[in-house]
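Participant: I am attaching a structure below and will ask some questions about it afterwards.
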Amino acid sequence: MVKLKRILFASATALALSLTAAQAAELRVGFTLDAHTLDPANHRNRETETIIRNMYDGLLTRDGEMKVVPEIAEAFVMVSPTVYDFRIREGITFHDGSPLTAEDVRFTLERLTAEGAMGEGQTSPRKSLLGPLQSVEVRDGNTVRITLSEPWPILPAMLPFQEVVSKAFVEKVGTQGLATQVNGTGPFKLVAWRKGDAIIMERFDDYYGGAASIEPVGKACVDRAIFKIIPESASRVAALLSGDVDIINELPPFSVEQVKNNPGTDVMTVNGTRSFFIAMNMEGELFGDAKVRRAAAHAIDKDLIIDRILGGNAARIEGILSPDAFAASTDLPRYEYDPDKARALLAEAGYPDGIDVTMDTVGAYKDIAEAVASLLTKAGIRTRVAVGEGAQMTQKWRTKGGPKSGDMYFTSWGNGSLDPFDIFTPTHRTNDRGNSAGYANPELDRLLDEAAVELDTEKRAALYRKAEQMVNADLPYVYLWVPQDIYGVSKRLKGWRPSADSRINLHDACVD
Amino acid sequence: MSQNDILLEVEDLRTVFDTSEGAVRAVDGVDVTVRRGECLGVVGESGSGKSVTFSSVMGLVRAPGRIAGGRIRFDGRDLIGLGPRDMRAIRGRDISMTMQDALTALNPALTVGEQLAEMLNAHDEDLPARGGARRRAIREKSVEMLRLVGIPSPDSRLGQYPHEFSGGMRQRIMIAIALAPGPKLLIADEPTTALDVTIQAQVLELISDIRARLGMSVVLITHDLGVVAEHCDRVMVMYAGQVVEEGATVDVIANPRHPYTRGLLASIPRLSMRGQPIRPIEGQVPNLVGLPPQCRFYSRCPERMDSCLQTVAMRPAGPGRRARCIAIAEEAVA
Amino acid sequence: MSLGKLTERLLHLVPVLLGVSVIVFLMMALTPGDPVDIMIGDQSVTPEEEQAMREDLGLDLPVHRQFLVFLGNAVQGDFGTSFYHRRPVFDVIVERLPATIELSLVALVIALMTAIPLGVLAAIRRNSILDKMATVGSLLGVSLPGFWFGILLLMLFAVHLQLLPVSGRIGFDSEIEPITHFLLIDTLLRGRPDAFWDALKHILLPAITLGLPMTAILMRVTRTSMLEVMRQDYIVFAEAKGLRRGRILFRHALKNALIPTVSVAAIETGSLLGGNMIVETVFGWPGLGRLVVESVFLRNYPLVQAAVLFYAVTYVLLNFIADLLYTTLNPRVKL
Amino acid sequence: MTVADIDAGPVAVASGAGQTIFRRNLARFAANRLAMASVAVVFLFVLLAIFAPWIAPHDPNETDLFRRLQPPAWQAGGEWSYLLGCDALGRDILSRIIYGSRISIFIGAAVIFVATTVGIAAGLAAGYFRGWVDVTISRLVDILLSFPYLIFAIGLMAMMGPGLVNIILALAYKEWVIPCRVVRGETLATRELEYVEAARALGASSAHIMAREILPNILSPVIVVSTIRIAHVIILEASLSFLGLGVQPPTASWGSMVADGRAFILGAWWVSTFPGLAILLLVLAINVASQGLRDAFDPRFQE
């Protein structure tokens, strides 16, 4: 075996030597999922976005501190609470060499928001991400004006999620063609999409350089960048350890030590944006009682789970917001782990012998939900975990005001914009789309509605802080933690760091 | 009879099959002599060892069978102890064999032409060494062989598969294959059992005819004394792994010396003595494992005596005749 | 076999295929709940789109009409839209096919190349150590759970020994412009032996895992039928003809012994299709099997439905081919 | 498809002196030492399944995060009271394997029971009545045979959703075809036999003839085929569970245990390895035993 290995190694070396002349700098990302489509306007999928974003640029983007900065736009101004003007940069070209114009931007936004704009009666599934956008027009040749139907201060925070397409190209290939072909303005061009296997990109040499405020400005560092799809986490780690790939996402906490100890690899983390929590059905008899909800909060040893299962890579939360989010509070009362107190609260609520409940969740959270359930059980809330499909769970729990069945729901909500509007309102406003607890508090609704349109940053933050105090006391959910995103990287990788919005931006990344 | 006159000489051949119940002595001390140009008939019930004897001669006994002793001389050469390569050269070229049923003996997946050609290719030394000339010569010879055995329009039938021929035709083809390299000895194992009576006669005629033309020797293995009576110079009767009687066919049929031979004759309508009823031999061939030292026909013999319960050897029973019956010895003494 | 006979046999397939499509249709029609709601899940969809999906699936028609619509569309290769890919199901499936077919074929070749020689050897050396090992091996081969065995192989050869790659079809240095989309062929057509070697290394472990049960089965079939054939008179006759052992074994015996092997192989190739789901999942192979498994979890019903139909039709055709092969190889059987 | 399928065509069993032949075959089976050892292994698994609560050292669902991925006893960090180590939630793997045998064996047995019952009924009807009954059943059999097994089951599970009853249904929907074919063939052969003709002549009802005259004589081949098929069904169930289409957590199933351990295989090999080994052992034992059974009971394999 050793001999065979040596022979193979020798031949591999010979091969490598013979190829050195042509060898170009190539960066490979071991990535969990393939893109569903390459059409920036035709998906609602985080992984698809991550891949596409390396070939398409947006009007705006975020810098390393998650601050929103202009990208294709040179600058933007809020003309009024409902009108924004974006000045488009000159000299930007698409991969096919044609220049980008304000008309392309207008076309892009219209394609995203107008009913039926995708062709064949289809409307973009990303429409809701642009909220109350009413109309888009081109002014003075290179300025695009967006008009909103109502004030919506987070428009700039939401624009980095939308990528600009070429009007001429879309008209040529159609929505059908855009699913598999790319003509963006991003730092990389598409070379090949091997479905389910890899997306291969090469440097776009006429790249305008990207956001002016994010160093380094210029062409991409590597000649080729590849997303290699490796769904299996152990295989992804193995690919990193063997040097097959340079970056992997979703490094399991379990493998952190191994990757750290391996001489050629390291671990990088970034605070994530997804909050985990357990919804308690407030319409139900058991969890309608605040004492029972508090008992549940005291029954769960968050620190233990963060330490044991998440490998310490998560931040504990007492409200819905991530510690990194805008207006996150630091002084919320903590529900400490105290099973005796939980039992006492249950007894007070009239359940001295404890209660039997079911906790729903999806397959991906099965393990951790099991752990939580066993803690709850030890404190008298005897919990059975039921795993269902995401869609099934959504139907059951996110009823938008419809009647609810079930006891508890272990779930999460992503907040890529790190703006409270994007997470607080859907999960806590009465009958909103993510309000799985069935929480209804008119006072809170008023606070959230006010904050949504408040333009003064300080005032807005204060409103959200007040809202967080309120939900912390009412406790419709047991707020658990915000896990860090963990990446495994090769030590030959330079100039790249993970981003809190889960993007993998390869523009600045270099390999030795 | 000069030594040169003898083509095949088998002495004291012993072939056993090792089974879980013990060694089955399928052939137990058999002597055979086949002269050049003659036809020897070998007669016996199934299980008498007649087929195994000649499988042994051809070196075709397979595990769990083995040759446990004896001598086989063919055309002046000792066959026992011959290497597989030399044995292979003798099989087919010098000693050929046909089997009971051509339907199963011919490979269903290969054309008749191929099965003929491979025989020629393996053994015919007169063919051109290689190439197209050899192929053409083989084809010509194949056609000639098929014509010899009486297959109409042989040229067009070489490409056909065995199942596309009638039973009699298949038998002829098998004979053609066996005779193609011009062997010195043909062992025809039950050549007619699988055939209709009319076709039986044709096939036997064919064998006799070719024997006469090519001057080869034939061993005709059969359970049918009638067939032997018509076609063979000499006959050898086997029972339970031993030869019980041998001699010139006319003599044996006219005056069988062994009770078993008599029994056989009595069971055949055509040959049974006038006025006597046709009757089969009662009883069964004894189990060949652990036989006691006695006449093997004892249990079925209508003329058995106490003195039969000892080892009985072959005894001379007239000119060129021998038989394995204790009664003969007593006659001789008397 | 005459063309007429062939057509006749092909026509016999029609009722079976029709029955198959009824069952595939029923699988979906009898699903509890509103399929459109379930498919949409937490995606955001406009009412127009929802209506379009409903019409696409013909859900507003009575059941028997729905079936006719389904069948009519299916015959034209229209299986609706894969909601997640936002493209026709047919296109999405076709893209994944070459990887799956290539994997299955290599598994088949590996199975045939190991099973036939081993089966023949085991038969001619009956009761030898080799025969016993082959018997034990074939029992293990059908008893090993493929998903587990695949993981073990992956750990040993890819992770610990690092002899073979962990995932994917081909390395990036070996990338080539596709011609047939079968990488083992394309790399050779492009004159890239290094890339061929690379693709071969990628396909080896999944193909072995996939082919293992088939190898076990074929080996047993070959051994049994070889033993059976070696008992036949025509082998004795061939020996009596003084032919060389090689000719007897390979021309006389094997040609007959392979008849059952080949037809079983054709049928078993259908089972390989089922194994693809598991193997592609374990090895991250970008084929149809993995797509189907992913689609099950995404509730991408039109795709699952189309894939099940596709597999069934393929299976029927493979059985048909098995029949044809049996007939062709065996001159005794007349159609 | 298992090895067994190839050889498991209609199996002819001599009728008449059934009882003594059965005894003789049983004796022949008992003399096969390897097969008997395999029967012992199968029996052991059945005992484990039945007495799991008394045998398992721990509660299979008791999580203990302080024992997360604890290695097996003989490795550094292991404990003898957790012989095979713990999974990602600190559950005892040995106990989960013991409880998991319940799922494998129960599903295997239930599917075969349902399939055999249905298959016998359908096969008897087809073989006895012939005519349109036979045509209808045989067509259905042909159509079901056109689906690769796992794909058929995956399709059904995708539509029906996971769960114990659904797995049994999904597998039995196709499995009954196999005993059905065997029974049909045997029935066709048996119904012409003298004693059946005699019963008919005496005016026995069809139901009586099928149940009393035909059924007892075709049971042997059905039993042989069924035991072989149990092994196959167990692997299929494990495959479905592996893909996440099996029983619901936290119920331990060998297939899902292997799947759960996959994420940790780089450092914690034991999580996936032991349950996989359990599948292998049980399936192998069943295969060897059923091969012995077939060798003993099927005259075609007797020399």
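Participant: Consider D:PHE242 against the criteria (1) farther than 28 Å from A:GLU232 by Cα; (2) touching a helix residue (DSSP H, G or I) at 6+ places or on another chain (Cβ under 7 Å): it satisfies all of them except one. Which criterion is unmet?
Facilitator: It fails just one condition, (1).
Participant: Checking the conditions here, which among C:PHE70, C:PHE90 is more than 14 Å from chain A (Cβ to nearest Cβ), crowded, with 18+ Cβ neighbours inside 10 Å and part of a helix (DSSP H, G or I)?
Facilitator: Exactly one of C:PHE70, C:PHE90 is more than 14 Å from chain A (Cβ to nearest Cβ), crowded, with 18+ Cβ neighbours inside 10 Å and part of a helix (DSSP H, G or I), namely C:PHE70.
Participant: Does C:ILE185 qualify as being surrounded by fewer than 24 Cβ atoms within 10 Å (Cβ to Cβ) and either outside any helix (DSSP H, G or I) or over 25 Å from the mean Cα position of the chain (by Cα) (or both)?
Facilitator: No; evaluated as a whole, the condition is false for this residue.
Participant: Let me ask something additional. Does any residue of the range A:310-317 turn out to be part of a strand (DSSP E or B), within 24 Å of the chain's Cα centre (by Cα), surrounded by 19 or more Cβ atoms within 10 Å (Cβ to Cβ) and at pLDDT below 95?
Facilitator: yes
Participant: State the number of residues belonging to the range B:105-129 that are facing chain C (nearest Cβ under 9 Å), under 19 Å from B:ASP94 (Cα atoms) and either outside any helix (DSSP H, G or I) or touching a residue at least 24 places away in the same chain (Cβ under 8 Å) (or both).
Facilitator: Of the residues in the range B:105-129, 4 are facing chain C (nearest Cβ under 9 Å), under 19 Å from B:ASP94 (Cα atoms) and either outside any helix (DSSP H, G or I) or touching a residue at least 24 places away in the same chain (Cβ under 8 Å) (or both).
Participant: Mind telling me which of the residues A:THR361, A:THR377 ends up being touching a strand residue (DSSP E or B) at 6+ places or on another chain (Cβ under 8 Å), modelled with pLDDT of 85 or more and under 30 Å from A:PRO231 (Cα atoms)?
Facilitator: A:THR361
Participant: Please state which one of C:SER138, C:SER104 is surrounded by 22 or more Cβ atoms within 10 Å (Cβ to Cβ), at the interface with another protein chain (Cβ under 8 Å from one of its Cβ atoms) and either hydroxyl-bearing (Ser, Thr, Tyr) or under 18 Å from C:ALA265 (Cβ atoms) (or both).
Facilitator: It is C:SER138.
Participant: Follow-up question, since we're still on this one. Restricted to the range B:137-153, and to residues that are over 28 Å from the mean Cα position of the chain (by Cα) and part of a helix (DSSP H, G or I), which residue is surrounded by the fewest Cβ atoms within 10 Å (Cβ to Cβ)?
Facilitator: Here the answer is B:GLU140.
Participant: Oh, and also: Hey, can you tell me all the residues within the range C:156-174 that are crowded, with 18+ Cβ neighbours inside 10 Å and either touching a Gly at 6+ places or on another chain (Cβ under 9 Å) or at the interface with another protein chain (Cβ under 7 Å from one of its Cβ atoms) (or both)?
Facilitator: Passing the criteria: C:ALA158, C:VAL159, C:PRO165, C:VAL166, C:SER167, C:GLY168, C:ARG169.
Participant: Count, please, the residues in the range C:213-252 that happen to be under 26 Å from C:ASP323 (Cβ atoms) and buried (at least 24 other Cβ atoms within 10 Å of the Cβ).
Facilitator: The total comes to 14.
Residue-wise test of (1) more than 10 Å from every other protein chain (Cβ to nearest Cβ); (2) closer than 23 Å to A:MET393 by Cβ; (3) part of a helix (DSSP H, G or I).
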site: D:ALA153; (1), (2), (3): no, no, yes
site: D:ALA158; (1), (2), (3): no, yes, yes
site: D:TYR173; (1), (2), (3): no, no, yes
site: D:VAL182; (1), (2), (3): yes, no, yes
site: D:GLY185; (1), (2), (3): yes, no, yes
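Participant: Would you mind finding the one in A:VAL222, A:VAL237, A:VAL245 that is more than 8 Å from chain C (Cβ to nearest Cβ) and part of a helix (DSSP H, G or I)?
Facilitator: Sole residue among the options that is more than 8 Å from chain C (Cβ to nearest Cβ) and part of a helix (DSSP H, G or I): A:VAL237.
Participant: Could you please find all residues in the range D:206-245 being among the charged types (D, E, K, R) and crowded, with 24+ Cβ neighbours inside 10 Å?
Facilitator: D:ARG229, D:GLU237
Participant: While we're looking at this one, here's another question. Within the range D:144-160, identify whether any single residue is surrounded by fewer than 21 Cβ atoms within 10 Å (Cβ to Cβ) and more than 20 Å from C:GLY270 (Cα to Cα), and answer yes or no.
Facilitator: Looking through the range D:144-160, at least one residue is surrounded by fewer than 21 Cβ atoms within 10 Å (Cβ to Cβ) and more than 20 Å from C:GLY270 (Cα to Cα).
Participant: Oh, and also: Which of the residues belonging to the range A:416-460 are within 25 Å of the chain's Cα centre (by Cα) and of a type in the set (Lys, Arg)?
Facilitator: A:ARG429, A:ARG433, A:ARG460
Participant: Could you list, in sequence order, the residues of the range B:175-222 that are assigned to a helix (DSSP H, G or I), surrounded by fewer than 18 Cβ atoms within 10 Å (Cβ to Cβ) and polar (S, T, N, Q)?
Facilitator: Those that are assigned to a helix (DSSP H, G or I), surrounded by fewer than 18 Cβ atoms within 10 Å (Cβ to Cβ) and polar (S, T, N, Q): B:THR198, B:GLN202, B:SER208.
Participant: Separate question: So D:PRO162 clears everything in (1) in contact (Cβ under 8 Å) with a residue 40 or more places away in the chain; (2) more than 19 Å from D:ALA49 (Cα to Cα); (3) outside any loop (DSSP other than H, G, I, E, B); (4) of a type outside the set (Ser, Thr, Tyr) except one condition, right? Which one?
Facilitator: (3)
Participant: Take D:LEU293 and decide whether it is crowded, with 22+ Cβ neighbours inside 10 Å and more than 16 Å from the chain's Cα centre (by Cα).
Facilitator: For D:LEU293, the condition - crowded, with 22+ Cβ neighbours inside 10 Å and more than 16 Å from the chain's Cα centre (by Cα) - is not met.
Participant: Looking at the range A:424-440, is at least one residue crowded, with 19+ Cβ neighbours inside 10 Å, among the charged types (D, E, K, R), out of contact with any Cys (no Cβ under 7 Å at 6 or more places or on another chain) and not in a strand (DSSP E or B)?
Facilitator: yes
Participant: If D:PRO72 passes every condition in (1) under 18 Å from A:THR377 (Cβ atoms); (2) at pLDDT 90 or above but one, which one does it miss?
Facilitator: Only one criterion in (1) under 18 Å from A:THR377 (Cβ atoms); (2) at pLDDT 90 or above is unmet by D:PRO72, namely (1).
Residue by residue, here is whether (1) within 14 Å of chain C (Cβ to nearest Cβ); (2) of a type in the set (Ser, Thr, Tyr) holds:
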| site | (1), (2) |
| --- | --- |
| D:TYR128 | no, yes |
| D:PRO148 | yes, no |
| D:SER205 | no, yes |
| D:VAL224 | no, no |
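Participant: If you don't mind, there's one more thing I want to ask. Given (1) more than 8 Å from every other protein chain (Cβ to nearest Cβ); (2) modelled with pLDDT under 90; (3) touching a Pro at 6+ places or on another chain (Cβ under 6 Å), identify the lone condition not met by B:LEU79.
Facilitator: Tallying (1) more than 8 Å from every other protein chain (Cβ to nearest Cβ); (2) modelled with pLDDT under 90; (3) touching a Pro at 6+ places or on another chain (Cβ under 6 Å), B:LEU79 fails exactly one: (3).
Participant: Identify the single condition in (1) out of contact with any Pro (no Cβ under 6 Å at 6 or more places or on another chain); (2) surrounded by fewer than 23 Cβ atoms within 10 Å (Cβ to Cβ) that D:LEU124 does not satisfy, given that it satisfies every other one.
Facilitator: That leaves (2) as the condition not met.
Participant: Given the conditions (1) part of a helix (DSSP H, G or I); (2) free of Cβ contacts under 8 Å to residues at least 12 places away in the same chain; (3) more than 19 Å from the chain's Cα centre (by Cα), and given that D:LEU277 satisfies all but one, which numbered condition is not satisfied?
Facilitator: (3)
Participant: With respect to the numbered conditions (1) touching a helix residue (DSSP H, G or I) at 6+ places or on another chain (Cβ under 8 Å); (2) without any contact (Cβ under 8 Å) to a residue 60 or more places away in the chain, which one is the sole condition not fulfilled by C:HIS160?
Facilitator: Failing condition for C:HIS160: (1).
Participant: Taking only the range A:97-135 into account, find how many residues are on the phi > 0 side of the Ramachandran plot and of a type in the set (Val, Ile, Thr).
Facilitator: So the count comes out to 0.
Participant: Kindly check whether there is at least one residue in the range B:68-76 that is at the interface with chain C (Cβ under 9 Å from one of its Cβ atoms) and either among the aliphatic types (A, V, I, L, M) or buried (at least 18 other Cβ atoms within 10 Å of the Cβ) (or both).
Facilitator: no
Participant: Do we find that A:ALA379 is under 20 Å from D:THR63 (Cα atoms), of a type outside the set (Phe, Trp, Tyr) and without any contact (Cβ under 8 Å) to a residue 24 or more places away in the chain in this structure?
Facilitator: No, not satisfied.
The values are calculated or read from the model by the stated rules, or taken from the named source; none is laboratory data. In this text the structure is predicted, and so the values were computed from the model without any measurement. We place every Cβ from the backbone using ideal geometry, glycine too, and count neighbours over all the protein chains shown.
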